[in-house]
Amino acid sequence: MANILHIDSSPRGERSVSRTLSYEFITSWKDTHPEDTITYRDLGRNPVPHVDESWIAAAFTPPNARTPELTEAISLSDSLVDELLEADRYVLGVPMYNLSVPSTFKAYIDQIVRVGRTFVIGENGSISGLVPSDKKLLVITSRGGTFPPGTPAAAYDLQEPYIRAIFGFIGITDITFIHADSLNLGDEAREKSLEAAKNAIAQAVTNW
Ligand SMILES: Cc1cc2nc3c(=O)[nH]c(=O)nc-3n(C[C@H](O)[C@H](O)[C@H](O)COP(=O)(O)O)c2cc1C
């Protein structure tokens, strides 16, 4: 039995491609893995706050030295980290916004990338992720354009490299991407890409 953390980050509802596809994956997964538990977090509709000065002070104060105010300032972050660490697998729906991730998703990243909780810095400055290495991450993206590897457009894809880097930083390196792209490039390109993404989702339900 696995605990899956399912996160959406589009502010759109039914019109959202990333939300629709992540839901499609989770629904099929539940059919074939009824014993698994799903925890759902909707960053698009219920964003987490940006870090502020008291958050930063708390994050860099050892827990036993924190004032009640600092403990309170970091409590949501602590529960988000707990939620992350309790999950075995992650399914993310992430639109591409301005070549990267939506700010709601970035705000979540800032809450869960925590020194002493999800990574540590060694004496020589080396970074080690603290998330156990057996976790798996599936990222379903939606994009208006297309950024095929090996083409000049690939340089504009700062979304996949960023997600790979930041989750790798905290120890999650088994990462699969499914891109629904070309969504704003005409009906034919859009339908072709959606069909390919749906096929990849069906395969991931069997193989992931
Ligand atoms: C603010 C904003 C910025 C966007 N930036 C990009 C971009 O840089 N590259 C791209 O290919 N598409 C971009 N798009 C298009 C979205 O990625 C596309 O509409 C996608 O379907 C949105 O995800 P959703 O359907 O899950 O809401 C942008 C859309 C919005 C609203």
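Below, the figures for the structure above:
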{"item": "Surrounding net charge for Gly44, when Lys and Arg each add one and Asp and Glu each subtract one, Cβ distance under 14 Å", "result": "+3"}
{"item": "Span per principal axis, largest first, for the Cα atoms of the range 4-62 (Å)", "result": "44, 30, 11"}
{"item": "Interchain or long-range residues, amide H under 5 Å from Phe119's placed H", "result": "Arg114, Leu130"}
{"item": "Kirkwood Rh and Cα Rg combined as Rg over Rh, evaluated for the chain", "result": "0.99"}
{"item": "Karplus-derived HN-Hα couplings along the range 94-101 (A = 6.51, B = -1.76, C = 1.60, θ = phi - 60°), whole Hz, x at Gly and Pro", "result": "9, x, 7, 10, 6, 6, 9, 9"}
{"item": "Sites Arg164 and Ala65 - FRET efficiency at Förster radius 35 Å, r taken between beta-carbons, to 0.05", "result": "0.50"}
{"item": "Theoretical FRET efficiency, 1/(1+(r/R0)^6), r = Cβ-Cβ of Asp88 and Asp187, R0 41 Å, to 0.05", "result": "0.60"}
{"item": "Antiparallel DSSP beta bridges within the range 1-114, percent to nearest 5", "result": "10 percent"}
{"item": "Options Leu194, Val205, Pro68, ranked by Cα towards positive dipole end of the chain, top entry (Cβ charges)", "result": "Leu194"}
{"item": "Per-residue ³J(HN,Hα) for the range 40-56, Karplus 6.51 cos²θ - 1.76 cosθ + 1.60, θ = phi - 60°, Hz, x for Gly and Pro", "result": "10, 10, 10, 6, x, 9, 10, x, 8, x, 5, 5, 10, 4, 5, 4, 5"}
{"item": "Portion, in percent, of the accessible area of the chain that falls on carbon or sulfur, probe 1.4 Å", "result": "54 percent"}
{"item": "3J(HN,Hα) from dihedral phi, the range 153-163, Karplus parametrisation 6.51/-1.76/1.60, rounded to Hz, x for glycine, proline", "result": "5, 4, 5, 8, 7, 9, 7, 4, x, 5, 5"}
{"item": "Long-range amide H partners of Leu183 with built H, under 5 Å", "result": "Arg143, Gly144, Gly145"}
{"item": "The range 104-203 - share of DSSP beta bridges that are antiparallel (%, nearest 5)", "result": "25 percent"}
{"item": "The range 39-88, dipole about Cα centre (Lys/Arg Cβ +1, Asp/Glu Cβ -1), debye to the nearest 20", "result": "100 debye"}
{"item": "Check: the chain dipole with +1 on Lys, Arg Cβ and -1 on Asp, Glu Cβ, in debye", "result": "300 debye"}
{"item": "Long-range HN-HN contacts of Val139 with modeled amide H, under 5 Å", "result": "Leu92, Thr176, Phe177, Ile178"}
{"item": "Fraction of beta bridges assigned by DSSP in the chain that are antiparallel (%, nearest 5)", "result": "15 percent"}
{"item": "Alpha-carbon centroid distance for the pair the range 178-205 / the range 23-67, whole angstrom", "result": "27 Å"}
{"item": "Which of Arg19, Arg190 is most accessible, then next, and so on - probe 1.4 Å", "result": "Arg190, Arg19"}
{"item": "Semi-axes of the equivalent ellipsoid for the range 58-143, Cα gyration tensor, largest first, Å", "result": "26, 17, 13"}
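The values are calculated or read from the model by the stated rules, or taken from the named source; none is laboratory data. Not measured: the values here are computed from a predicted model. Every residue, glycine among them, receives a Cβ derived from its backbone with ideal geometry; neighbour counts consider all protein chains shown. Each accessible area value is taken on the protein alone, full model and side chains, heavy atoms only, with ligands, DNA and RNA left out. Shrake-Rupley method; radii C 1.70, N 1.55, O 1.52, S 1.80 Å.
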